[in-house]
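Just below is one structure, and these are the notes that go with it.
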Amino acid sequence: MSLIFLIFRLEARMLNDYEQRLACYMENNFVRENLEYCPFCGGSLTAYFTLTSRFFSERACKSAHPRVVSVLSCSSCQSMLFNADFTQEQMHNLYQYYRGKDYFLMRHKYEPWYTNKINKGIGDEKEFDLRRKVLIKNLEENNILNNFKYVLDHGGDKGQMISPSGGLNAEFRAVCELSGVDTEEGIIRVSQEQTREIDWDLILSCHVIEHLPDPFSYLKDILALGNGDTTYFFEVPYEKHVISYFCSQPRYVSWLNFLSRNERLMMLFDFYSVVTRKIFKRVFLGGFTALREHLQFFTIKGFSELLNSSGFNVVYCSVGEAGHIIAIAKKK
Ligand SMILES: [Zn+2]
């Protein structure tokens with residue numbers, strides 16, 4: 001009996017610690033270094049050694065040398081996140097003129113498989129068509145009437161997801177987008193300040209959260225834009241994979257340092273890792289999960305827990321037909 005009581009007390013204490021840490025993330029800037037537990041669900045973490053990509057090092061950090069970092073994998077929700085912290089200036093360097101000519105040329109130089117077609121293809125009409133169908137189908141299946149007054153796509157590029165020709169019925173369509181790209185016809189650009197002045201019926205955040213050093217403060221801001229009736233639609237990539245046990249061993253750092261000093265060899269093993277992740281959903285011995293742009297890789301459980309702990313009531317969360325994790329949520 002006393003053992004059961006002890007386990008119960010320990011679990012209660014762990015939960016309490018986790019809730020305290022979550023409250024801390026919500027109030028302050030989220031710091032990744034020295035994380036002991038999964039920030040999304042509170043599960044235990046295993047660290048695997050890896051490298052920042054040469055592209056990331058040069059563009060974001062202005063350094064010719066890739067850096068050894070760790071990617072943390074949660075034993076409970078199987079989500080992953082990099083434990084490295086980056087400055088606002090480094091993030092600005094990375095995303096300024098995002099996917100522009102200089103971005104493409106530098107990335108293609110170190111990742112020849114990242115072709116111009118891929119650079120332009122991200123966001124092409126065929127992909128958007130499928131993603132819009134997933135959005136509308138899932139709103140309808142969750143009994144949310146496709147007839148909105150005010151719709152906001154936060155970080156929504158040109159507004160392709162909420163395009164008037166895309167099947168979403170709305171009177172006022174807006175994007176809040178920092179990149180400065182021109183919006184599509186029928187889409188109005190709003191500033192961060194203006195987003196707070198409108199009672200939104202539908203707020204989308206697609207392919208934003210995986211890029212953020214601090215997803216907690218972002219979600220707190222997004223939550224504050226809505227009211228009890230607002231529907232939220234989230235979309236993040238589904239990039240779940242398993243990393244070889246050998247990558248968690250301290251001696252693996254020597255191999256990664258060796259790779260980082262050999263441009264061609266690193267390129268080869270980077271490509272090998274991209275291929276094995278794509279085909280087998282695994283990174284094998286010799287490979288690494290490069291830090292490029294995504295700072296976290298979510299699973300359905302991890303993403304649901306993140307939304308839940310950030311003040312959202314998750315109505316639905318799954319992997320949609322476009323291969324991405326989608327979630328529909330309301331304000332708690
Ligand atoms: Zn977790």
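Things worth noting here:
Yes/no per residue for (1) crowded, with 18+ Cβ neighbours inside 10 Å; (2) modelled with pLDDT under 95; (3) within 9 Å of the ligand (Cβ to nearest atom); (4) closer than 26 Å to Val242 by Cβ:
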position: Gln20; (1), (2), (3), (4): no, yes, no, no
position: Cys24; (1), (2), (3), (4): no, yes, no, no
position: Arg32; (1), (2), (3), (4): yes, yes, no, yes
position: Leu45; (1), (2), (3), (4): yes, no, yes, yes
position: Phe49; (1), (2), (3), (4): yes, no, no, yes
position: Ser70; (1), (2), (3), (4): yes, no, no, yes
position: Ser75; (1), (2), (3), (4): no, no, yes, yes
position: Ser79; (1), (2), (3), (4): yes, no, yes, yes
position: Asp85; (1), (2), (3), (4): no, yes, no, yes
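- Within the range 268-293, the set of residues being in contact (Cβ under 8 Å) with a residue 12 or more places away in the chain, more than 22 Å from the chain's Cα centre (by Cα) and surrounded by fewer than 18 Cβ atoms within 10 Å (Cβ to Cβ) comprises Tyr272, Phe284, Leu285, Gly286.
- Whether a residue is surrounded by 14 or more Cβ atoms within 10 Å (Cβ to Cβ), in the same structural domain as Val319 (by TED's automatic domain parsing) and at pLDDT below 95 was assessed, and Gly156 passes this test.
- Condition check for Leu223: touching a residue at least 12 places away in the same chain (Cβ under 8 Å), more than 16 Å from the ligand (Cβ to nearest atom) and farther than 21 Å from Ala84 by Cβ: yes
- Qualifying positions in the range 208-266 - surrounded by 17 or more Cβ atoms within 10 Å (Cβ to Cβ) and within 17 Å of Phe284 (Cβ to Cβ): Glu239, Lys240, His241, Ile243, Ser244, Cys247, Tyr252, Trp255, Leu256, Leu259, Met266
- Cβ-Cβ contacts under 7 Å between residues 6 or more apart (or on different chains), taken from a first residue in the range 295-315 that is within 10 Å of Lys330 (Cβ to Cβ) to a second residue that is of a type in the set (Gly, Ala, Ser) and within 15 Å of the ligand (Cβ to nearest atom), are listed as Val314/Ser304.
The values are calculated or read from the model by the stated rules, or taken from the named source; none is laboratory data. Treat the numbers as computed from the prediction; the structure is a model and nothing was measured. Cβ coordinates were reconstructed from backbone atoms using ideal geometry, including for glycine residues, and neighbour counts include every protein chain displayed.
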